[in-house]
Amino acid sequence: MVALLLGAIVAPTDASAVFSVLKERALGLKGQIRPLLEFESGINDPTAVVLVIGLTELAAHPQTPWSALLGEFALEMGLGSVIGYALGRLAVLLINRIRLPLEGLYSVLTVAVVALTYGLTSMVHGSALLAIYIVGVVLGNSELVHKRSLRHFHEGLTYLLEVGMFLLLGLLVFPKQLPEVAVPALLLAAVLVFVARPVAVYLSLWGVRMPLAHKTMVAWVGLRGAVPVVLATFPLLAGVPGAQLLFDVSFFLVLVSILVQGTSLPFVARWLGVNAPLDSHSAMPLEYTPTGAGRNDFIEITVPPTSSFIGQRIMDLGLPNEALIVLICRDEQYLIPHGTTRLQGGDVLQILAAKPFAETVQARLAASP
């Protein structure tokens, strides 16, 4: 039971830590590696929470049948999915319909949506974390009022909460107890990094049309972070025998993962040939606030060096009347576009266009000779 609990606790990966490392090193990833890692990190957190809670219950009450864990898992994941999607769609309508006097109040509203989702899902014994994750996916892929400011607010809040969780880790770890578990914990970390994670990834992606190098990169990017810190407190609070040992071992596993996998990500990506230029967006000063009607779209396009329109004047591009270039960023300078302005490779254009024409304009400007 202790082994099962340890496996469930350290299973979740921390994609935010991975992308922070890649961003600091200005290193991108080819193909579908990044969205796959994002999906994995989002879906395995609620799964691990359900498993840890169920296994903690079994450890505290050995007479509980294993079938109860399976039923609880299916119920929590099912209710979490349904409630999360329903509240996500409702939140989109609420944010776009309500008219608040201050822009910052929309951030407060989204926090209230998170609290409501967590509380309501927990009341009916569903997976609250899965519900919140689905709400976030729905909101992130919908047209929202003040979406950019909402994204910036939640990014900052995420960093704050992650710092708080690592502070919690430091408060609960007792250094004098660590030497006793150092050797077995390091051995477990080696098994987790070099055996368990690769085997799980290759089996999960068996038959998937994906280059072997990409699968290997996914197998290596099993970076553990803040989530195991929280999960390790569940059996500790429940008074499960050996809970402090679980916490100490989890500390070593997270530490080794950050030091070994975290520092080696850029090297491994280059060695496997899956590194790519990191997409960097200029800090454009203009922001488009949709009204909810959804008639127009505000897009940002980078003119590639191979574009067939380099050197041409804007008036000669043949853009539809429903599309307007409102700002150009060139060499970190902002230019007010005119009809006689000639495009250069690397220009970042902000374009206001009717939705049916947005993709057409983007494809046209990216066309090669």
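The calculated FRET efficiency for A112 paired with E300, based on their beta-carbon distance and R0 = 41 Å, is about 0.85. Each residue in H125, H61, H154 was given a count of other beta-carbon atoms within 10 angstrom of its own, and listing them fewest first yields H61, H125, H154.
Modelled spin-label separation between L317 and D331, with each label point placed 7 Å from Cα along the Cα-to-Cβ direction: 2.0 nm. On the beta carbon distance between A182 and E57, with R0 = 41 Å, the FRET formula returns roughly 0.85.
Please rank E162, E76, E38, E180, fewest neighbouring Cβ atoms within 10 Å first, as an exposure proxy.
E180, E38, E162, E76
Residue separation of L286 and Q32 scaled by 0.36 nm, minus their Cα-Cα distance, works out to 88.4 nm of gained length.
Across the stretch 162-177, rounded Karplus estimates of 3J(HN,Hα) from the backbone phi angles (6.51 cos²θ - 1.76 cosθ + 1.60, θ = phi - 60°) give 5, 4, x, 5, 6, 5, 4, 4, x, 6, 9, 8, 9, x, 5, 8 Hz, Gly and Pro being marked x.
Distance between the pseudo-spin-label points of L100 and E24 (7 Å out from Cα toward the beta carbon): 3.3 nm.
For K176, a cut-off of 12 angstrom between C-alpha atoms picks up these aspartates and glutamates, skipping any fewer than 8 places away in its own chain: D248. Extension gain for the segment L160 to L236, taken as residue separation times 0.36 nm less the Cα-Cα distance, is 25.0 nm to one decimal. Panel order for W206, W271, by other beta carbons found within 10 Å of each beta carbon, from fewest to most: W206, W271. Shown is the FRET efficiency for I43 and T263, computed with R0 = 30 Å from the Cβ-Cβ distance and rounded to the nearest 0.05: 0.70. The candidate values are (i) 70, 44, 38; (ii) 77, 49, 41; (iii) 97, 43, 29; the one derived from this structure for Cα extents along the principal axes in Å carries the label (ii).
What residue among V221, V348, V138 has the largest mean-square fluctuation in a Gaussian network model of the chain, using Cα springs under 10 Å? For the chain, modelled as a Gaussian network with Cα springs under 10 Å, the answer is V348.
Look at where the Cα atoms of the stretch 326-348 and of the stretch 174-194 average out, and the two centres are 55 Å apart.
Relative contact order of the chain, taken over Cα pairs closer than 8 Å and 6 or more residues apart, is 21 percent. When the Cα gyration tensor is reduced to axis lengths a ≥ b ≥ c, the ratio a/c is 1.5 or higher for the stretch 128-203, and with a/b not above b/c it is classed as oblate. Here the stretch 38-102 and the stretch 259-277 have alpha carbon centers that stand 33 Å from each other.
FYI, it's all coordinate maths here, none of it is from the lab. Just so it is clear, the structure is predicted and the values come from calculations on it, not from any experiment. Quick reminder, even Gly has a Cβ in these numbers, built from the backbone with ideal geometry, and neighbours come from all protein chains shown.
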